[in-house]
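The values are calculated or read from the model by the stated rules, or taken from the named source; none is laboratory data. None of the values given here were measured: they were computed from a predicted structure. Heads up, the Cβs are rebuilt from the backbone with ideal geometry, glycines too, and the neighbour counts pull from every protein chain shown. For the accessible areas, the whole protein counts, side chains as well, though only heavy atoms, and no ligand, DNA or RNA atoms are used. Shrake-Rupley method; radii C 1.70, N 1.55, O 1.52, S 1.80 Å.
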Amino acid sequence: KLAWRNIWRYPKRSIVTMLLCIACTTFLIFFESFNIGSHNKMITDVVEMYPGYIHIHYKGYHDQPDYDHLIPDLNRVRTSIKETAGIKVTTPRLEAPALFSSESLSYGGMLVGIHPTTEHQISRLKQALIKGRFLKPSDTNGVFIGKDLAKKLQRDVGDSFIFISSAMDRSIAAD
């Protein structure tokens, strides 16, 4: 009773305090919702841009990522994964560090082998295309190169460049 009387002794001050509490609470709820939405959107964008939601590697690959730790029977593993509830699509990838070169410039990067018919179902690489066309399964010498690397190497659609990496037999591969 005493507290209630004290609140209404100065009605202006009490109303301003209540309005400020309501405004701050509303702002905090909005800000927290915005943060959660932004965080979820960032995760979705990063995952769907390239890596996908799940990676499956052969045992020991993380400790020593080399050709000895590649999945030996990929088709069997993909079939078994597709039979798992909740898995919609799979696609294989092979990643290797490489040196990319034009006539006078060289830059290090990641060489990634993809399967063109299923990659667009996992990542947004196809939607990120700026010039040219996306890879087809029949392409034997086609590449999908990022705009930053293309700019650094001074390459455009139809231009050639060289990449050097290690081959499966541990020799040096250049193409």
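Brief remarks follow.
- 3J(HN,Hα) along segment 164-175, derived from phi through the Karplus expression 6.51 cos²θ - 1.76 cosθ + 1.60 where θ = phi - 60°, amounts to 10, 8, 9, 8, 4, 8, 6, 7, 8, 10, 9, 9 Hz, with x in place of Gly and Pro.
- Within the accessible surface of segment 1-143, defined with a 1.4 Å probe on protein heavy atoms only, the carbon and sulfur portion equals 63 percent.
- Along segment 88-94 the Karplus relation, 6.51 cos²θ - 1.76 cosθ + 1.60 evaluated at θ = phi - 60°, assigns HN-Hα couplings of 8, 8, 10, 8, x, 9, 10 Hz to successive residues, with x for each Gly and Pro.
- Relative packing of 69-79, 110-120, 9-19, which averages over residues the other C-beta atoms within 10 Å, highest first: 110-120, 69-79, 9-19
- Separation of segment 23-58 and segment 61-125, taken as the distance between their Cα centroids, equals 25 angstrom.
- The chain - charge dipole about Cα centre, Lys and Arg +1 at Cβ, Asp and Glu -1, debye rounded to 20: 1580 debye
- Proximal lysines relative to residue 126, as straight alpha-carbon distance under 16 Å, when same-chain residues fewer than 8 apart are discounted: 136, 147
- Karplus-based coupling profile of segment 135-143, in residue order and whole Hz: 5, 10, x, 7, 5, 9, 10, x, 9, with θ = phi - 60° in 6.51 cos²θ - 1.76 cosθ + 1.60 and x standing for Gly or Pro.
- Total charge dipole magnitude, segment 54-146, about the Cα centre, Cβ charges on Lys, Arg, Asp, Glu only, Debye to nearest 20: 540 debye
- Distant-in-sequence amide H partners of residue 173 (H built 1.01 Å from N, under 5 Å): 165, 166, 167
- Compared with the dominant principal axis of the Cα atoms in the chain, helix 11-49 is inclined by about 10°.
- Anisotropy class of segment 63-175 from Cα gyration tensor, a/c 1.5 cut: oblate
- Hypothetical label at residue 103: residues of segment 131-157 whose amide nitrogen lies under 19 Å (7 Å Cα-Cβ projection): 150-157
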